[in-house]
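Below is one structure, written out as structure tokens, with a few remarks after it.
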Amino acid sequence: MEYKHFEGLIAATFTPFYPNGELNLGVIPEYAHRLKEDGVKGIFVCGSSGEGLLMDTEERKAVAEAWMPFADEQFQVIVHVGSTSQKIAKELAAHAASIGAASIGCMGPCCFQPRDAHSLAAFCAEIAAAAPELPFYYYHIPTTSGVHIKMNHFLQVAGKVIPNLAGIKYTNNDMMDMMECMSLENGKYDILHGHDETLLAGMTLGANAAIGTTFNFIAPLFNKMIRAFHQKNTDEALTIQKEVNKIVALMLSTGSPISGGKAIMKMSGIDCGPCRLPISIISSAQEADLQKELEKIGYFEIQNQ
């Protein structure tokens, strides 16, 4: 089965929590409005940025449901259903289908990782079959999942056993493998670029859509870069990518892209609260330092453009 490919920016959303660690779903309406206003074309819910693996099954369902009232053709919801438990992943996949999600994504199991493409495809096949009407994306993020398998091999195997296989959320820097995935079967599979700091390189190789954490707060800057790229203004596009990377570096300097990203979201007017342990929680002193460094590089002027 072939599916229409995504285009543009898809935000890997943060999950809002109260200071006590409980879900704060009341933030989502304003959050959704901001993303739409910023030109984001969809969201990836309960992934690594969304702390999906740190929530229980009912919490993950509640988060997915809270985003659905804002879904439309121009703002599609992809629900991450991955879990070490295949049974839980299947339950989440069926739930995503029942609430009208556009697609599902699934990371490989972070424990007892499959060591070859056949084992990974077998693990994913049953999960995809729990929502056969939805496009299925494998979430390739080996630094988190520990699943180090070439994705072009996976697609060749999985394409035979997963009828609704749509593509890959490709969060890895193996550009050769990514290119091979894009070329497979005349570009059948939708390969969603997953590293914000190398998006320009990804577009040069043929990526038309990306899923990223920083799209939550600097999507307009990325859209400006995309326009420059399509207008063949490579110098401007590269300058913007370098601006982006300064912000990414500051986000990472906090010790976690998730806690750093949430801190930047708060400074940008959307308070998603703290992270859940074991993700590091940054102190108010760290937050103040981060704000000063962001001011130095002109982030708030960029963000308000």
In the stretch 1-36, the residues that are basic (K, R) and either at pLDDT 95 or above or over 28 Å from E133 (Cα atoms) (or both): R34, K36
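In the list G105, G100, G39, G47, which residue meets the criterion of being under 20 Å from L192 (Cα atoms), touching a strand residue (DSSP E or B) at 6+ places or on another chain (Cβ under 9 Å) and surrounded by fewer than 24 Cβ atoms within 10 Å (Cβ to Cβ)? Lay out the reasoning, then the answer.
Values: G105 fails: surrounded by fewer than 24 Cβ atoms within 10 Å (Cβ to Cβ); G100 fails: under 20 Å from L192 (Cα atoms); G47 fails: surrounded by fewer than 24 Cβ atoms within 10 Å (Cβ to Cβ).
Sole residue among the options that is under 20 Å from L192 (Cα atoms), touching a strand residue (DSSP E or B) at 6+ places or on another chain (Cβ under 9 Å) and surrounded by fewer than 24 Cβ atoms within 10 Å (Cβ to Cβ): G39.
Residue by residue, here is whether (1) out of contact with any Phe, Trp or Tyr (no Cβ under 7 Å at 6 or more places or on another chain); (2) among the basic types (K, R) holds:
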site: R227; (1), (2): yes, yes
site: E236; (1), (2): yes, no
site: I247; (1), (2): no, no
site: K266; (1), (2): yes, yes
site: P278; (1), (2): yes, no
site: Q291; (1), (2): yes, no
Failed item in (1) outside any strand (DSSP E or B); (2) in contact with a Cys (Cβ under 9 Å, 6 or more places away or on another chain), with M178 passing the rest: (2)
Options G206, G202, G159, G146; residue that is over 28 Å from K90 (Cα atoms) and either surrounded by fewer than 19 Cβ atoms within 10 Å (Cβ to Cβ) or not small (G, A, S) (or both): G206
Failed item in (1) free of Cβ contacts under 8 Å to residues at least 24 places away in the same chain; (2) surrounded by 18 or more Cβ atoms within 10 Å (Cβ to Cβ), with K266 passing the rest: (2)
Candidates A101, A94 - the one that is over 17 Å from the mean Cα position of the chain (by Cα) and not in a strand (DSSP E or B): A94
Residues that are within 15 Å of I168 (Cβ to Cβ) and surrounded by fewer than 19 Cβ atoms within 10 Å (Cβ to Cβ), drawn from the stretch 108-122: A117
Selected residue [of a type in the set (V, I, T) and within 15 Å of the chain's Cα centre (by Cα)] from T171, T234: T171
The stretch 165-196, subset of a type in the set (D, E) and either touching a strand residue (DSSP E or B) at 6+ places or on another chain (Cβ under 9 Å) or surrounded by fewer than 17 Cβ atoms within 10 Å (Cβ to Cβ) (or both), residue nearest to K4 (Cα to Cα): D190
Enumeration of residues in the stretch 104-136 that are in a strand (DSSP E or B) and either of a type in the set (S, T, N, Q) or in contact with a Phe, Trp or Tyr (Cβ under 9 Å, 6 or more places away or on another chain) (or both): I104, G105, C106, M107
Neighbours by Cβ (under 8 Å, 6+ apart or cross-chain): first from the stretch 220-245, closer than 19 Å to L205 by Cβ; second of a type in the set (S, T, Y) and surrounded by 15 or more Cβ atoms within 10 Å (Cβ to Cβ): F222/T214; V244/T214
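The values are calculated or read from the model by the stated rules, or taken from the named source; none is laboratory data. Everything quoted here is computed from the prediction, not taken from an experiment. Here Cβ is always computed from backbone atoms with ideal geometry, including for glycine, and neighbour counts include all displayed protein chains.
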